[in-house]
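The values are calculated or read from the model by the stated rules, or taken from the named source; none is laboratory data. Just so we're clear, the structure is a prediction, and the values are computed from it rather than from any experiment. Glycine also receives a Cβ, built like all others from the backbone with ideal geometry; neighbour counts cover every protein chain displayed. We work out accessible area using only protein heavy atoms, side chains counted, and drop any ligands, DNA or RNA first. Shrake-Rupley method; radii C 1.70, N 1.55, O 1.52, S 1.80 Å.
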Amino acid sequence: MTATADRDPGLQPERTRLAWRRTTLTATVVALLAGRQALHSGATPAALVAVALSALAWLGFLLVAHRRVSVLGVARPEQLAPRGALTAALCTVALAVFAAAMLF
């Protein structure tokens with residue numbers, strides 16, 4: 001028998017998959033609230049640009065999260081590539097910056 005066949009993945013991949021889904025849901029709510037805030041406070045050109053950039057950052061995060069969740073379906077998932085981790089972090093920070101920019 002091989003080590004791969006003997007490995008019991010336990011619940012760690014499931015917990016990680018659920019964490020990615022929760023984070024994706026949170027990013028979705030942040031993007032929607034940012035868009036709502038921009039539209040209710042008057043659609044200035046700067047607010048519209050911030051909404052568009054927020055949507056772009058959300059789509060980037062959604063792509064990384066979807067790839068990661070689909071990889072976690074196997075018994076021995078691959079590690080998250082540094083590029084994917086950096087993309088997810090940058091998209092998260094960008095969402096926060098664009099949301100803060102809409103307040104000013």
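Remark: spin-label model distance residue 56-residue 37 equals 2.0 nm, labels positioned 7 Å along the Cα→Cβ axis. Building the convex hull from the alpha-carbon atoms of segment 48-89 and averaging its projection over directions returns 2.9 nm².
Full extension of the chain segment joining residue 29 with residue 93 gains 21.6 nm, where the gain is 0.36 nm per residue of separation less the Cα-Cα distance.
Solvent-accessible area assigned to carbon and sulfur over the chain amounts to 68 percent, based on a 1.4 Å probe. Taking the Cα centre of the chain as origin and assigning +1 to Lys and Arg Cβ atoms and -1 to Asp and Glu Cβ atoms, the resulting dipole is close to 40 debye. The stretch between residue 78 and residue 12, if pulled fully straight at 0.36 nm per residue, gains 22.4 nm over its current Cα-Cα span.
To one decimal place, what Kirkwood hydrodynamic radius in Å is obtained for the chain from all pairs of distinct Cα atoms? The Cα-based Kirkwood calculation yields 15.2 Å. In this structure segment 27-101 gives 63 Å² per residue of accessible area when probed at 1.4 Å with all protein chains present. Against the main long axis of the alpha-carbon atoms of the chain, helix 82-103 sits at an angle near 20°.
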